[in-house]
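The values are calculated or read from the model by the stated rules, or taken from the named source; none is laboratory data. Since this is a predicted model, take the numbers as computed values, not measurements. A quick note on method: Cβ atoms are made from the backbone with ideal geometry, for glycine too, and the neighbour counts reach across all protein chains shown.
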Amino acid sequence: MNKKLYGDKMRKVTVRSPATSANLGPGFDVFGLCLEEPYDIISVEKIEDGIKIEVDGEKSGEIPTEPDKNTAGVVAKAMMKDFNIKEGIKIHITKGIKPGSGLGSSSASSAGVAVAISELFNLKPSKLKLVEYAALGEGVAAGSPHADNVAPAIFGGFTMVTNYNPLEILHVPVEMEVLIALPDIQISTKEAREILPKKIEMGEMINNVGKACGMVYSLFKNDIELFGKYMMMDKVVEPRRAKLIPKYEEVKEKVKDKVYGITISGAGPAIIAIPKKEYILEVKELFEDVWGRVYLTKVGGGVSVLEKL
Ligand SMILES: Nc1ncnc2c1ncn2[C@@H]1O[C@H](COP(=O)(O)OP(=O)(O)OP(=O)(O)O)[C@@H](O)[C@H]1O
Ligand SMILES: N[C@@H](CCO)C(=O)O
């Protein structure tokens, strides 16, 4: 290990912070899946004082650089206060994840900056603590802090947010190929949450709890067919958000025998599908024809450190 890079000699850390897909059907606000692609690149560099933010890349013009309005700035401010860090930092975010896409764009910045700051100042918090800090950023983006994107961004794999106050996260390593379609529209999480009911029927709750349990069971049995089947049986959120995504219902019907499962990714408009091997290219082409941009990717391992200087 190169000693001179550690401790207060370190000047800059760069990380790769992944997209994530939350909800996965019946697991609204609980389930989250880390993706290999797309991702943000985030660097944090020591400066004299204050928090300076620069953003470039996808739709960067839409992203505020005031620290209190940028998810990364909110997280940085909280960590620097709690760890009594006197120096300042410059945060540079290169967006690879389109904001308002349903792929945890705001979360990727939150999770990435939390890891980069902990590496830069050698803070060594637990992954759970990093999720707690990163979730603060979501309060800025979606109006209320939620951890179902930042948890998989930090832990990788599949995560469940089982409790808030105190925060409890369960993690299951998962290997799976996924197709992500990204229609050329933007849906803000805030708006997509406002259209949901404040109360639901007992029958809807019983359905979703049962299907969510089945999805977790299927991961331990390595039964991708069962996982995908239950992923498509949400009775609470997907039916109410489907109308926000052009041609979603039509395409879902068209591919139902060619994928194990398909549902809305997070608050949308992104769509996540688990393709059957023999139909991967056919489904990918259909998604491209209907929605344009498609990522053929797989489950990721969480934020990774690219460089320490
Ligand atoms: N660093 C950031 N990166 C991306 N969006 C940010 C950032 N800081 C603030 N925002 C704001 O957060 C909003 C995007 O967050 P939103 O939760 O709506 O979409 P998302 O994170 O891409 O998708 P989802 O949360 O549904 O997975 C935009 O209004 C954007 O301006
Ligand atoms: N689970 C939240 C955030 C998604 O990224 C929602 O669907 O509103």
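Can you tell me which residues in region 100-117 are in contact with a Gly (Cβ under 6 Å, 6 or more places away or on another chain) and near ligand 1 (Cβ under 6 Å from one of its atoms)? Working first, answer last.
Taking region 100-117 as the starting set, the residues that turn out to be in contact with a Gly (Cβ under 6 Å, 6 or more places away or on another chain) are 102, 110.
Matches in region 100-117: Gly102 only.
Being within 16 Å of ligand 1 (Cβ to nearest atom), surrounded by 13 or more Cβ atoms within 10 Å (Cβ to Cβ), closer than 20 Å to Phe28 by Cα and of a type in the set (Gly, Ala, Ser) is a condition met by at least one residue of region 192-209. Among the conditions (1) touching a Gly at 6+ places or on another chain (Cβ under 7 Å); (2) buried (at least 19 other Cβ atoms within 10 Å of the Cβ), Ile47 misses just one, which is (2). Selection of helices (runs of 4 or more DSSP H) fully inside region 105-176 by the criterion of at least 3 residues being modelled with pLDDT of 95 or more, in contact with a strand residue (DSSP E or B) (Cβ under 7 Å, 6 or more places away or on another chain) and farther than 24 Å from Gly25 by Cα returns 105-120. When region 260-276 is limited to residues that are of a type in the set (A, V, I, L, M) and touching a residue at least 40 places away in the same chain (Cβ under 8 Å), the one that is farthest from Ala181 (Cα to Cα) turns out to be Ala267. Residue pairs whose Cβ atoms lie under 6 Å apart, separated by 6 or more positions or on different chains, with the first residue in region 16-33 and farther than 16 Å from Val174 by Cα and the second at pLDDT below 95 and within 10 Å of ligand 2 (Cβ to nearest atom), are Asp29/His146.
For region 25-63, taking the residues that are near ligand 1 (Cβ under 10 Å from one of its atoms) and assigned to a strand (DSSP E or B), the one that is farthest from Gly104 (Cα to Cα) is identified as Ile53.
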